[in-house]
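The values are calculated or read from the model by the stated rules, or taken from the named source; none is laboratory data. Every value quoted in this text rests on a predicted model; they were computed, and no experiment measured them. All Cβ positions, glycine included, derive from the backbone under ideal geometry; neighbour counts span all protein chains shown. Please note that ligands, DNA and RNA were not included when accessible areas were found on the heavy atoms of the full protein model with its side chains. Shrake-Rupley method; radii C 1.70, N 1.55, O 1.52, S 1.80 Å.
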Amino acid sequence: MFKNLIANSKNLSYKMSQEATTLLIPGPVRLSPHVQSALSIQSLSHTSPEFVTIYQRVLQNTRRLFKADVKKGLPIVLAGSGTLGFDLVGANLVSPKDEIYVISTGFFSDEFAECLNGYGANITTSRGPVGDIPDLNLIKKTLQENKFKLVVMTQVDTSTGVLNDVESICKLVRDVSPDSLIVVDGVCSIGCETLEFDKWGVDFCLTASQKAIGAPPGLSIAMISERALETALDNKASVKPFFSSLIKWSPILKGFEEGRASYFATPPVQLINSLDVALDEILEQDGGLDKRVQTHEEKSNWFKSKITNELGLELVSQYPQNDVSAHGLTAIYVNNPPQVISSMKSKGFVIAGGLYKGIASKYIRIGHMGYSVCNSDAEDIVKCYAALKSTLQE
Ligand SMILES: *Cc1c(COP(=O)(O)O)cnc(C)c1O
């Protein structure tokens, strides 16, 4: 039985690569050919000069990705998924009974809240109506009436396709509650939306390799500010994290960033090599990060206007009036989502279903991040639109 599996595995991966499907879910996203081939290198020693050079460049470019100071704070790239970023915050910045304010825009904000609650924090939540962002006046009032250690928000909640106004909320927090640490989940936004870590005064921003960064799943990527790092290194909680401890990781990551190998736990060398190529494509090619954000906006606006004007469908994020839509995915109300998803599959497009409680069975989600929209003949979303149009006319 086992033998058979191994014998077939060659065949299986061959078949999969031949399959003519286009992956358009909101992560993982399609890989560029270079990012994909960077995955297939032979293993390197994790302390070799070759690997140190790669990891060093990845950590330095991670700062550029977040628009963070080249000296202060710490870039973090670890084996894990985006969700590990939740635990990094919980394990390093939260003590039992801490007051934490979660500004929720959907499923992922609620997951983050659940994680931090598990570390013993008291959570206060504000949420906007489904598909909208919470009211800034409500946020201001809540900040004035309480003292929060952390203010947590999701830049793009991938469950609703809503883009939160992180810049304005950061300004409010700095004005009303300057001691609160600002935490942003940027998993579905870093690489396709504007985020200014330093300028906006963000203290911790987390993302993952497989969304708008366009690398394979498997890496948790984050940036922590100087003052948040001080809090983390001073963590006196009686229960100590181990793998997710920044007391453990900070000297290691600092060492690699400065070109020195050191060991706490083995980094996934192939994934980091692949991320190195993905970051190079974001930062050095086709006009760099700002141009990439602009391209995502243009492609997203084209897709959204077609869907609303030509097909007459409604988006979960309010559009075009009072637009709060994200630019890396589109969440669309349709009749019978499972049927739409399976018909799209038969036309060669893998798309996703709904995720947010209360409306999950009423909508579909289509991702348009990274290579699918950024390569020079990026036709994925155009072809996907044609397939969706014909699906809905069946
Ligand atoms: C995907 C996602 C996560 C979780 O990331 P994983 O890599 O699946 O663990 C968290 N937050 C947001 C906004 C996401 O889109």
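Residues considered: 287, 201, 218, 186. Of these, the only one that is within 14 Å of the ligand (Cβ to nearest atom) and at positive phi is 218. Among the residues of the stretch 292-309, which ones are surrounded by 13 or more Cβ atoms within 10 Å (Cβ to Cβ) and not β-branched (Val, Ile, Thr)? Within the stretch 292-309, 292, 294, 296, 297, 299, 300, 301, 302, 303, 304, 306 meet the criteria. Residue pairs whose Cβ atoms lie under 7 Å apart, separated by 6 or more positions or on different chains, with the first residue in the stretch 108-123 and closer than 17 Å to residue 237 by Cβ and open to solvent by less than 50 Å² (accessible area, probe 1.4 Å) and the second within 11 Å of the ligand (Cβ to nearest atom) and part of a helix (DSSP H, G or I), are 115/86; 115/87.
When residue 223 is tested against (1) farther than 30 Å from residue 273 by Cβ; (2) of a type outside the set (Val, Ile, Thr); (3) in contact (Cβ under 8 Å) with a residue 40 or more places away in the chain, just one condition goes unmet, and that condition is (1).
Residue under question is residue 255, and the condition is that it be closer than 24 Å to residue 80 by Cα, assigned by TED's automatic domain parsing to the domain that holds residue 163 and surrounded by 13 or more Cβ atoms within 10 Å (Cβ to Cβ); does it hold? Criteria met by residue 255.
Look at the stretch 168-189: where a residue is open to solvent by 10 Å² or more (accessible area, probe 1.4 Å) and a partner is in a loop (DSSP other than H, G, I, E, B) and within 16 Å of the ligand (Cβ to nearest atom), sitting 6+ places away or on another chain with Cβ atoms under 8 Å, you get 187/27; 187/158; 187/211.
Restricting attention to the stretch 47-69, does a residue exist that is modelled with pLDDT under 95 and touching an Asp or Glu at 6+ places or on another chain (Cβ under 6 Å)? Checking the stretch 47-69: at least one residue is modelled with pLDDT under 95 and touching an Asp or Glu at 6+ places or on another chain (Cβ under 6 Å).
Scanning the stretch 76-100 for residues that are buried (at least 23 other Cβ atoms within 10 Å of the Cβ), more than 16 Å from the ligand (Cβ to nearest atom) and not β-branched (Val, Ile, Thr) yields 92, 93.
Given the residues 35, 52, which is the only one that is assigned to a helix (DSSP H, G or I), crowded, with 22+ Cβ neighbours inside 10 Å, more than 16 Å from the ligand (Cβ to nearest atom) and in contact (Cβ under 8 Å) with a residue 60 or more places away in the chain? Result: 35 is the single residue among 35, 52 that is assigned to a helix (DSSP H, G or I), crowded, with 22+ Cβ neighbours inside 10 Å, more than 16 Å from the ligand (Cβ to nearest atom) and in contact (Cβ under 8 Å) with a residue 60 or more places away in the chain. Take residue 142 and tell me if it is touching a strand residue (DSSP E or B) at 6+ places or on another chain (Cβ under 9 Å) and either within 16 Å of the ligand (Cβ to nearest atom) or of a type in the set (A, V, I, L, M) (or both). The answer is no for residue 142.
Within the stretch 258-287, the set of residues being surrounded by 13 or more Cβ atoms within 10 Å (Cβ to Cβ) and of a type in the set (Phe, Trp, Tyr) comprises 264 only.
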